1. Tell me, what is the Rg over Rh of segment 199-372, with Rh the Kirkwood radius over Cα pairs?
2. For a quick check: with amide H placed at 1.01 Å from N, whose amide H comes under 5 Å from G226's, ignoring anything fewer than 5 positions away on the same chain?
3. Lys and Arg at +1, Asp and Glu at -1: add these up for the other residues within a Cβ distance under 13 Å of V66 and post the number.
4. Evaluate the Debye formula for segment 238-302 with equal point scatterers sitting on the alpha carbons, no solvent, and hand back log10 of I(q)/I(0) at q = 0.14, 0.28 Å⁻¹, in q order, two decimals.
5. In a GNM of the chain with a 10 Å cut-off on Cα contacts, which of V145, V15, V385 has the highest mean-square fluctuation?
6. Calculate how steeply helix 172-182 sits against the longest principal axis of the alpha-carbon atoms of the chain, using the helix alpha-carbon long axis, and give the answer as 0 to 90 degrees to the nearest 10.
7. Between segment 14-40 and segment 231-273, how far is it from one alpha carbon centroid to the other, in angstrom?
8. When only C-alpha pairs under 8 Å and at least 6 residues apart count, what is the relative contact order of segment 54-195, in percent?
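Any read-out appearing in this document is the output of simple, stated calculations on the displayed coordinates, not a laboratory observation. Predicted model, so just to flag it, every value in this text is computed and none were measured. Because the Cβ atoms are built from the backbone with ideal geometry, glycine has one as well, and the counts that use them run over all protein chains shown.
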Amino acid sequence: MRVLVVSWEYPPVVVGGLGRHVHHLAEAVAELGHDVIVLTRQPSGTDSTTHPTTDTVVNGVRVIAVAEDPPAFDFGADMMAWTLAMGHSFVRAGLQILRDEPRPDVVHAHDWLVAHPAKALAEYFDAPLVSTLHATEAGRHSGWVAGHINRQVHSVEWWLANASDALITCSASMRDEVATLFGPQLPPITVIHNGIDVGTWSFTPRAARTGPAELLFAGRLEYEKGVQDLIEALPAIRRRHPGTTVTIAGDGTQNHWLHEQAHLHGVTDAVDFAGQQDRDGLMKLMHRCDAIVLPSRYEPFGIVALEAAATGIPLVTSTAGGLGEAVTDGVTGWTFEPFDPVGLATAVCAALDDPEAAAARALRGRERLDEEFTWRAIAKRTADVYREAVKQPTRPLGRPVIPMRPMPERDPMQ
């Protein structure tokens, strides 16, 4: 098959987990023998008048990367204008480069930011549109959207879901979320978990702890990641395990607020904000720390849980979304309900109380990766979706339902 992938992230442009997902999936699908083309963007700030579109082959994947057109918008200040400008550059480059070549058998869109160019190119090439919805705006905001931009994003997500010919979600919880938010007339939805290249994450058995415990959080510092719950739970953890510290690896919009939370709970000296880490830096932290805590309040999947399992660090995670599918309580780690600092403290203390059980569960977590989460297996399931995708008849879509209600008092994003 000839596959056209449309994504706003692809190396070297990687903003979060989506970029890594698209990268590994594209290369794995290409390794199966399919012709994979990725249409993506160059780094922000590049001007189409000075940075021509590049067309290269990297690890078996043809990558067409376009510059901003025009480069006058800022993603943070003018997100919708920036997204439309990016979409225009995608369509222009896609038509100029690909229109005289064999048409794609399928177009694969990744998230709402590429909804318009992906749909336009799918219609031009008369190919089915498969869309992976990695998250939803409503999910990121506790089930509803109150702000003007939030409603715009939700509406584009709804349109993409209903205008696609097949949908993919990374977890069963995301499938249910998409069906609830964007149904009832959706195309078929297939659950395909995220994957991991296990060979790039070295496994290290747990060494016996000789001093105070060190916990790790890794991820974006955003409200839905629940880092505030870990900070709130830390005093209780330190009462059971004196001297316990937390290393927070990541950056995001809530960095300053989380520093304030550490001060509020009297644990400033016990929390190390280590900033964004590359893979080697993150691996060193995973090998050093006694457990990783992922307290997400909302998590479509949580690929960092797979990366952590690959290194052998014990997992203590919330059951939010896909984390509840990636980590099994009592088998591959410890889990707790989201929004629950007390439950979080209990789970962490249970892991620290029993190092032998922690090591055993970590080993089972690593073994599970080879059975369920290899990119080759995920690529095969994705290729099956491509083959089965059929263009849906055109139908009136109506208008999306906008879930709106007051923001919760504790939400710093209000």
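1. 0.92
2. Residues meeting the amide H criterion: R297.
3. Details: positive: R41, R92; negative: D47, D55, E68, D69.
That works out to -2.
4. -0.49, -1.38
5. V15
6. 50
7. Each part's Cα centre sits 36 Å from the other's.
8. 16
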